[in-house]
Amino acid sequence: MANVAKLLYSTVEECFLDNLEPDASPLKAARTKIRDHLRNEFAARSREVFGRVVTPKFFTQGSCAYKTLNDPAWPPQQQKDMDDGCYLPLSFVRGARPSQAAQLFFDFVDAALQDLAAQEGWTHVDDKDTCVRLEISSDSHVDVPLYAIPDAEFARLRDSAIAAQMEVTKRAKPDTWEALPSDAVLLAHRKEDWIESDPRKIHAWFIDAVDLFKERLRRDCRYMKAWRDHHGLDRYKVTSILLMACVYNAYELIRGPFLSDREDERFLQVVERIPKMLRGPVANPSEPGEDLNRIPEKYRETVAKAAEQLANQMRQVVKHCANEQEAVDAMIDLLGERVPDRADLVSVAAAAVATVAATPKRQVEAPTVGRSSSG
């Protein structure tokens, strides 16, 4: 039985969590330039384009605001990102039909950020349905989702970070404002025009969840995201918010008093419950009618089996492993090379060592292996 808690998290030694920590300063610097540029563009051109002058407001959302951002495991295919929402008052965009207003909003921000990208040597990406993306380096990008918010709420907004993750459901809407809610936050969509989506609801849920379960919840979310990234499961639409909801649901099933105080044992408790969740719907904790499991049906079993392997191997390490280096190697296999290769941080129960030493060695006949080829 190996205690690998210090490999995952320690306040005094190198640990996995430390090695996941990203340098977010380039993202923050880019965010400042993007905000300043858009404010200047709206001041100079919004009357000409929209018929009146308005100053947009901005909110950082997603992993940067949640403090669950990890350094990417495999750049440039994977990148660390910042979502910085750009908000306009609802009355400002109502001057045209919904489809025209959404298109105008995207056209305006696309053009402005194309100019900024050219100045900064960044890459402008305009094929994302719910945002404008600027790739600022080989391992980083900033997404700018575009929102219309009721005027009274716009007046109360502060340009400060709030946590959110955009997850939207597609639905057809007639091209009239009467078909859209007048008291909701709307997200501009390149194909769907506008979709009801208020990132503040996710923010409130996650803040409450961390208040309830403390920082261990945030750490377990980051471990799960790192596992996903190490094994490339992001290609199956295993989103961060899905994993966060699964971890939270596991905590709810276990209940606070029964969560282990030991980092590795608690993580095992969590991952043992996740495969079943990934096979079915996962309700958005802030919008119970919304299913966060967007993994295509044909890939759900693949992802669930990968999660089962995570649980089985964690169980083998925590419950049965009697060798420090074997425990380290198993954790690296599960979570990647950012797990410290340090057997000195692992402790093995004396009883487990004695059991292994007392077990007689058996001679096993070598198997017959046929020829094979990779592919």
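The values are calculated or read from the model by the stated rules, or taken from the named source; none is laboratory data. Every value quoted in this text rests on a predicted model; they were computed, and no experiment measured them. Using ideal geometry, Cβ is built from the backbone for each residue, glycine included, and neighbour counts are taken over all protein chains shown.
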Options SER138, SER160, SER197; residue that is at pLDDT below 80 and either assigned by TED's automatic domain parsing to the domain that holds ASP83 or surrounded by 15 or more Cβ atoms within 10 Å (Cβ to Cβ) (or both)
SER160
Quick check on my filter: what residues within region 1-33 are in a helix (DSSP H, G or I), farther than 27 Å from THR60 by Cβ and small (Gly, Ala, Ser)?
ALA5
Name every residue in region 1-22 that is without any contact (Cβ under 8 Å) to a residue 24 or more places away in the chain and within 26 Å of the chain's Cα centre (by Cα), in order of residue number.
THR11, ASP18
Step by step: first the residues of region 277-301, then only those that are over 20 Å from the mean Cα position of the chain (by Cα) and assigned to a helix (DSSP H, G or I), then the one that is nearest to TYR223 (Cα to Cα). Which residue is that?
GLU301
May I ask you to list pairs of residues, at least six apart or on different chains, whose Cβ atoms are under 6 Å apart, with the first in region 44-66 being under 30 Å from GLU21 (Cα atoms) and the second being hydroxyl-bearing (Ser, Thr, Tyr) and part of a strand (DSSP E or B)?
LYS57/TYR87
For region 347-370, state whether one or more residues are at pLDDT 90 or above and part of a loop (DSSP other than H, G, I, E, B).
no
Do the conditions hold for GLN313, that is, is it in a helix (DSSP H, G or I) and in contact with an Asp or Glu (Cβ under 9 Å, 6 or more places away or on another chain)?
yes
Out of the helices (runs of 4 or more DSSP H) lying entirely within region 54-134, which hold 3 or more residues that are over 27 Å from the mean Cα position of the chain (by Cα) and either farther than 21 Å from ARG39 by Cβ or modelled with pLDDT of 95 or more (or both)?
98-120
Suppose we keep only residues that are touching an Asp or Glu at 6+ places or on another chain (Cβ under 8 Å) and not aromatic (Phe, Trp, Tyr) within region 42-64. Which one would you say is farthest from ARG216 (Cα to Cα)?
LYS57
Out of LYS80, LYS67, LYS128, LYS57, which single residue is out of contact with any helix residue (DSSP H, G or I) (no Cβ under 9 Å at 6 or more places or on another chain) and assigned by TED's automatic domain parsing to the domain that holds ILE34?
LYS128
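Got a sec? Which of ARG228, ARG218, ARG222, ARG255 is basic (Lys, Arg), modelled with pLDDT under 95 and in the same structural domain as TYR9 (by TED's automatic domain parsing)?
Exactly one residue qualifies, and that residue is ARG255.
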Being within 26 Å of ALA2 (Cβ to Cβ) and either surrounded by fewer than 19 Cβ atoms within 10 Å (Cβ to Cβ) or touching a Pro at 6+ places or on another chain (Cβ under 9 Å) (or both) is true for just one of ALA209, ALA307, ALA283, ALA204. Which residue is that?
ALA307
Please go through (1) in contact with a Cys (Cβ under 9 Å, 6 or more places away or on another chain); (2) in contact (Cβ under 8 Å) with a residue 40 or more places away in the chain for LEU243 and return the number of the only condition it doesn't satisfy.
(2)
Any residue at all in region 184-191 that is of a type outside the set (Ser, Thr, Tyr), touching a residue at least 40 places away in the same chain (Cβ under 8 Å), in a helix (DSSP H, G or I) and touching a strand residue (DSSP E or B) at 6+ places or on another chain (Cβ under 8 Å)?
no
Looking at region 258-271, is at least one residue in a loop (DSSP other than H, G, I, E, B), aliphatic (A, V, I, L, M), closer than 30 Å to LEU7 by Cα and in contact (Cβ under 8 Å) with a residue 12 or more places away in the chain?
yes
